[in-house]
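The values are calculated or read from the model by the stated rules, or taken from the named source; none is laboratory data. Remember, it's a predicted structure, so these values are computed and weren't measured experimentally. Cβ coordinates were reconstructed from backbone atoms using ideal geometry, including for glycine residues, and neighbour counts include every protein chain displayed. Heavy atoms of the whole protein, side chains included, go into the accessibility calculation; ligands, DNA and RNA do not. Shrake-Rupley method; radii C 1.70, N 1.55, O 1.52, S 1.80 Å.
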Amino acid sequence: MAAFFQGDDSSEEWFAIEKVEIQGDLEYTTHAALESEYVAFLGRSLLSVSLSEVLSSVLSSEWVQSAEIRKVWPNTLQILVHEHTPLAYWRNGQLISTSADIISPRRVPELPLTHLHGPEDASDIVLEQFGLVSQVLSSSTLKVSVLTLEPRGAWRITFANGIEVKLGRDDILERLQRFIAVYESDLSGRMGLIDSVDARYPHGVAVSWKENK
């Protein structure tokens, strides 16, 4: 799919850019939004405008992961855009893409993604842990709703079924596996009664029941 917008036909230069052609399948941004970023190139000469300058402008768009730029003589600038693909929500109002880039869109889309939380400079750590946790959970029915790295280094998971599990700082995956075993054998049928689970014990888990509050 492509979108076109026209430059000023009064330009006297033979190679003045009259058209910017935007190509690419866009899901999270629009051709109109990108056009507003590139309108400054209209009227400039294809001979003098550099591809690196155009690329820099294109990549400044919040949803653009990469792009390919071509000069199509005599008067067209062609831009093929590749969007970021969101993987998870990050902190408040940001997203992490499948390429581990942090995206800060002006409008955050509502998507069925896991929420990741942690210190501002810890996105790589949290994303890596999310990947490991997802592997451990791949054979279970449990889905992560929120994964949190607390300021002191402890990990906490809230599952889509509402159960919150405290995993602490060490042996996170082993503790998670222990919780899964207990969940599948003893807890899965009593979901409405469980408030939270503490898996920071060496040989078991402690369950906090809503009825005991």
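Here is how the numbers come out for the structure above:
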item	result
Accessible-area composition of the chain, carbon plus sulfur, in percent [1.4 Å probe]	48
The chain - charge dipole about Cα centre, Lys and Arg +1 at Cβ, Asp and Glu -1, debye rounded to 20	1020
Efficiency of FRET from Cβ geometry, S56 and Q78, R₀ 22 Å, rounded to 0.05	0.85
Solvent-accessible heavy-atom area per residue, rounded to whole Å², over the chain at 1.4 Å	56
Relative compactness, the chain, computed as alpha-carbon Rg over 2.2 N^0.38 Å	1.46
Relative contact order (%) - the chain, alpha-carbon pairs under 8 angstrom, separation at least six	11
